[in-house]
Each structure stands twice: as structure tokens, then as C-alpha cells.
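Read the structure below first, then the notes.
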Amino acid sequence: MTTAAPPPNLDHLRALIRRIEARRPQPKTLASPLERHAAERRAEARQRLAFRPRETAAGACLERIEVYPLAYEVGHQPLAPLASVTGETLALLVPGAEVEDATAEDLLFLDIETTGLGGAGAIAFLVATARLGQRDGAPALVLRQYLAASPPEEAAVVDALLEDVALDTHPVLATYNGRGFDAPMLDGRATMHRRRAGFEVLRQFDLLQTARAGYRGLLPSCRLAEVEVAALGLGRPEGEVAGAAVPRCYFNYLRTRDPRWIEPVIVHNALDVLALAGLTARLAGIVTGQVETRGVDALVAGRLLAAAGRPERAAPCFARALDDLPPSTERQEAAARLAALHKSAGRPDLAEPLWWQVAERPGHGRLRAHVELAIYYEHHARDLGRAAEVVAAALDHVERALSRDDPAGAHRWRTALLWRGARVHSKLERQRST
């Protein structure tokens, strides 16, 4: 017969709860220069944190304004190229966004921190924006943050934000996944407070879309934290507040009123917006040629320009990547993309040696390169014997490399290659009989 466990000691439980509530993220030793650099930036920002009350029709919230000269560097990227961003440049970065007539001053960088991912119970307690402005008569980036020190102050945050961004001037909303989260969240919160916003109907410059076009497959993921390291050299130390921990920090701040809970969130929020501005400056520089691109950067520039329908500008980028990169999947991609552009331009003779580079090395595009070579020898070089050899080599690769690991893929390739081989051999037979 089992006996019931004794009831927990209430004093013990209270002590345990107090210990859990007292936990705060502990700083870690920063091993790399990148992490130390990032930590220094955050320490500087924390020293400058200074909020003041902001009165609105809905009451008061807290507001902080900081101005960054365009010589300021986000990672290793100065903000200066922002001033020369044009609508044409933005159209290269986000094709189809209808931003061709925009100016650099129209860019509204925005990031929000919330207590959840949606629903009536989630509030936007911290909002950061950044826009080009002036400091002492010189262009500068003006960062504003609005903080609800308690949930009822969210209405004042919404009022202050709408007052300052002037949506009727039709800014271009620059975010990271803002189309899917920030814009609808803010519009929903404005509606809850009987305000009319309209962030979702603004022209959207969603840098997540741009990052995916430029960096997909080159990085473990296209999260902002990954992209800013690759593009800006801006690392975030492991001890920084993660997005998933932001609500807990805010709730602990509300419970304890200890600013040490909210300060890391404020710094995180400000740095997200600065990273958006720095990333825009960097990517604008590489697609316009203002920044010299080599290696992977050249591959990224080529990807973005090709996606924007500018093959004549993408081709030199892929050529530079091909020259600079060591043997790798990235170099294979540069060769395959450059070959495709040459083929589209009616120069398959220039594409042939590039396809051979891809076909002769392991990689994702190897079989596709064989097919392109077979097409070239059959239809352009009129060398049916060579075309048959290429098809045979491709079939051999299918049997050796795909049959065991990817039988379905092997079947598709085998079917296509056998059809092409039969076509080539039929032509050869007719050629021999004449």
C-alpha cells in the first residue's frame, strides 16, 4: 500500500518562488573580438539610456530620443550610404514593392517588443523607430523609443507613435518581418485603443524578404541575428536577452520595478532598429556598386540583382564571386548562375566552360549542368557524339550517387536522361545513315 506524499512546505515554496523571480540573465565571458565589440556598443547605449515622460491625449508614456551622426558605424558599416538611397535602389532590394519614387527620408525603420505573438492579451509595450533627420545642420539618424511602463500606458505609446510618424506622409515601413507581425500588431493595438493607424497599407520594405533573396542557404538561418553578423560584422553576445525572454523580462519589471529587468530589452530593441538601418546601408551599397564586393558579398549582390531583373548588373557580380571563392558550393552556385545568364543572353559558348566547372565537381547543380551541356552539344555545337557522352556520364552519376540515397530523385533524373539519350542516339543513327 502506497502512502500519499506529504504536502509541500509552504515556506519552502515561497523561498523557491523568490529565488526564481530574482533570477536575471547573467553576463557571460565574451571570448571573441566580435562579441566584445558588441558588448561595448551595448554598454555605451546603456549608459545613455534616459527616458522622459511624453504627454499624449491618452495620458503619458516614456520616450527616449537619440541622434546618431551618419559616420556612426553599425558593426563595420557606417550609416552614411543611407543618405544616398533612392527609390531605384530600394526597388533593387525589394522588387515589386512600388517604392521607385521613394526617397531616403521616406524610410521609417521600426521594431516592436510585445508580451506575446498576438491576441487580445498581448500588448506592444516598447516601440522603436528611426528616420533620417538633422543634427547641427548635418544629416543624422534619429532614433525614438516609446515605452509603456505599465500596460495602461500602451494607449499613450500608440498616440505618441502615430503623432511622430505622420502616416499621412506615406513613409516606407522598413522592418524585419514587419509585414507579417509588426504592422498588423500595431494596427490591431491602435484599434483596441480606438485609434486609426494603417501600418499595413504603407509601402513595405521588409528586409526579411531581401535577406532571404540574398543569404538563403549561405547562413544557418535568415534571422536578423545571423544576417547582421554576416553583413555587418555585428555580433550579439550569448548573454543578451533573446526574443523569447522579452515578455518575462517585462513582466518581472512590472512586478519588481527593478530597471535592470527592462534595460536589456530597451538596448535589444534599439539595436534591432540600428541593425535595420545598417543592413539597408550595406545592401544598398553592394547593389549599386558603392561598396566593392568580393567573394560571398559578390554572390549576394548577384543574387539580389538577378532577383530584381537586372542580369547585366548581376553577371559581373557572379564573375567576381567565381574569381574570389575557393572550391565550394558557393563557387558552384556562382558558376551555374553566371552560365544561366550567358545562356539567356544568347551566348551559350560562354556558358559551356562554366557548366563544365559545375559538372566536374560534387554539388547540387551537377546533374543540371550535365543536361545543359548535352543541350549545348546537341543544338549549338552540333556535336552529337559529345552530347551522348555527357548523357552517359550523367546516368552513371545517377546510379552511383542517387540510387541509394534518393531513389525517387534518381528515378526522375534517370527517366529524363534516358529520354534525352534516346533522342541523341536517334539523331546519331540518322546522321550515320546519310
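The values are calculated or read from the model by the stated rules, or taken from the named source; none is laboratory data. Keep in mind the model is a prediction, meaning the values are calculated, not measured. Quick reminder, even Gly has a Cβ in these numbers, built from the backbone with ideal geometry, and neighbours come from all protein chains shown.
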Study note, to complete from the structure: Exception for R212 within (1) touching a helix residue (DSSP H, G or I) at 6+ places or on another chain (Cβ under 9 Å); (2) on the phi < 0 side of the Ramachandran plot falls at (1)
Revision key, fill the gap. M185 fails exactly one of (1) free of Cβ contacts under 8 Å to residues at least 60 places away in the same chain; (2) part of a helix (DSSP H, G or I); (3) within 22 Å of the chain's Cα centre (by Cα); (4) farther than 19 Å from L90 by Cβ, namely (1)
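Residue-wise test of (1) more than 29 Å from P69 (Cα to Cα); (2) in the same structural domain as V94 (by TED's automatic domain parsing); (3) small (G, A, S); (4) buried (at least 20 other Cβ atoms within 10 Å of the Cβ).
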| site | (1), (2), (3), (4) |
| --- | --- |
| V201 | yes, yes, no, no |
| D206 | no, yes, no, yes |
| A211 | no, yes, yes, yes |
| R216 | yes, yes, no, no |
| R223 | no, yes, no, no |
| V241 | no, yes, no, yes |
| T256 | yes, yes, no, no |
| R260 | no, yes, no, no |
| A281 | no, yes, yes, yes |
Check your understanding: How about the stretch 83-104: which of its residues are out of contact with any Ser or Thr (no Cβ under 8 Å at 6 or more places or on another chain) and assigned to a helix (DSSP H, G or I)?
Key -> A83, S84, E88, L90, A91
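Consider the stretch 75-104. How many of its residues are of a type in the set (S, T, N, Q) and in contact with a Leu (Cβ under 7 Å, 6 or more places away or on another chain)?
From the stretch 75-104, those of a type in the set (S, T, N, Q) are 77, 84, 86, 89, 103; that's our starting set.
Next cut, in contact with a Leu (Cβ under 7 Å, 6 or more places away or on another chain) only: 77.
Going through the stretch 75-104 one residue at a time, the tally reaches 1.
I'd like to verify a number: residues in the stretch 379-392 that are free of Cβ contacts under 8 Å to residues at least 40 places away in the same chain and surrounded by fewer than 18 Cβ atoms within 10 Å (Cβ to Cβ), how many?
So the first thing to find is which residues in the stretch 379-392 are free of Cβ contacts under 8 Å to residues at least 40 places away in the same chain, and the list is 379-383, 386-387, 389-392.
Keeping just the survivors that are surrounded by fewer than 18 Cβ atoms within 10 Å (Cβ to Cβ) gives 379-383, 386, 389, 392.
Residues meeting the conditions: 8.
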Review point. Based on what the data block shows, is V291 out of contact with any strand residue (DSSP E or B) (no Cβ under 6 Å at 6 or more places or on another chain), touching a residue at least 60 places away in the same chain (Cβ under 8 Å) and among the β-branched types (V, I, T)?
Key: yes
